[in-house]
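Enquirer: Below are the C-alpha cells for one structure; questions will follow.
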C-alpha cells in the first residue's frame, strides 16, 4: 500500500516507511525548510553512525529539487560486490 503523504521533520518516519524493507540500509534524508529557510541533510549508516549538514537558504535550490523527488529519503542497499576502479586516463 502506498501513501501520498509527505513526511516532515515533525512526523515519525516509520509512519511512512516499512521498517522491514529499510532495516539495515544506509539512508539519506532531507529535512526542512526550517523557519529561517535552512535545510538539514542527514546521512545515516546501517550501523547507526550519523552526520548532518546544514544548508543555508541561499544554497537550497538543489536541495528542494531532490527533496521533491525523494520525500521519504533515499535508502541505499549494500553492494553485492566490491566496486571496480575505472582505468586512469
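Enquirer: Which of the following residues is at pLDDT 80 or above and either assigned to a loop (DSSP other than H, G, I, E, B) or in contact with a strand residue (DSSP E or B) (Cβ under 8 Å, 6 or more places away or on another chain) (or both): 42, 68?
Expert: 42
Enquirer: Looking at (1) assigned to a loop (DSSP other than H, G, I, E, B); (2) at pLDDT 90 or above; (3) under 16 Å from the mean Cα position of the chain (by Cα), which is the only condition residue 37 fails?
Expert: (3)
The values are calculated or read from the model by the stated rules, or taken from the named source; none is laboratory data. Predicted model only: the values in this text are computed from it and were never measured. FYI the Cβ positions are ideal-geometry reconstructions off the backbone, even for glycines, and counts take in every protein chain you see.
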